[in-house]
1. Is region 83-93 home to any residue that is surrounded by fewer than 23 Cβ atoms within 10 Å (Cβ to Cβ) and part of a helix (DSSP H, G or I)?
2. Please specify each residue of region 96-145 satisfying the condition of being modelled with pLDDT under 95, touching a strand residue (DSSP E or B) at 6+ places or on another chain (Cβ under 7 Å) and part of a loop (DSSP other than H, G, I, E, B).
3. All but one of (1) out of contact with any strand residue (DSSP E or B) (no Cβ under 7 Å at 6 or more places or on another chain); (2) surrounded by fewer than 18 Cβ atoms within 10 Å (Cβ to Cβ); (3) more than 29 Å from residue 29 (Cα to Cα) hold for residue 168, so report the exception by its number.
4. Pairs please, first residue from region 3-30 and closer than 14 Å to residue 69 by Cα, second anywhere and part of a loop (DSSP other than H, G, I, E, B) and at pLDDT below 95, Cβ atoms under 7 Å, 6+ apart in sequence or on different chains.
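The values are calculated or read from the model by the stated rules, or taken from the named source; none is laboratory data. In this text, all values refer to a predicted model and were calculated from it rather than measured experimentally. Methodologically, a virtual Cβ is constructed for each residue, glycine included, from the backbone with ideal geometry; neighbour enumeration extends over all protein chains shown.
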């Protein structure tokens, strides 16, 4: 089953909490995540039908004003994105390892969704700026050509928004590299 989500990333914990409250009250959405992340930022993720998510995000933005540093609504989210937050996609390291590193969690999640939808790849994990100085990254795997293509396509969104830090494809990675990431 496809899901739709809305994400807001705040530079203020207080405004993040206030906005999250407004988001939940504004529309029938399910709160998936509301938590502090590095460097003193706050992340909120809601799920539901597209229109209620859009209404919820709009309510959050109205409260947040300039405290929201990034936001997005993703309709028809790839089913591996939410499990990737807890590294529970069930994927194991394949022929290649792809990494997209960004300055915002929102852009990283969008990059992950685009990459996962682009072809025969599997998401391994989305690391949402916890213990990373505010950066986020997604790892994915598959055959070398599919991973190269997915990383290129996924990296376009954060690149177009000026928040792409790095994109890498490691062909035939050292098997224990999966334990490091």
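1. Going residue by residue through region 83-93, those that are surrounded by fewer than 23 Cβ atoms within 10 Å (Cβ to Cβ) are 83, 85-93.
Then drop every residue that is not part of a helix (DSSP H, G or I), which leaves 83.
Yes, the conditions are met somewhere in region 83-93.
2. Correct list: 103, 104, 120, 128, 129, 130, 134, 135.
3. It fails just one condition, (1).
4. 9/104; 13/40
Listed here are the residues, each with its yes/no results for (1) in the same structural domain as residue 8 (by TED's automatic domain parsing); (2) in contact with a strand residue (DSSP E or B) (Cβ under 8 Å, 6 or more places away or on another chain); (3) surrounded by 20 or more Cβ atoms within 10 Å (Cβ to Cβ).
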| residue | (1), (2), (3) |
| --- | --- |
| 32 | yes, yes, no |
| 43 | yes, yes, yes |
| 51 | yes, no, no |
| 73 | yes, yes, no |
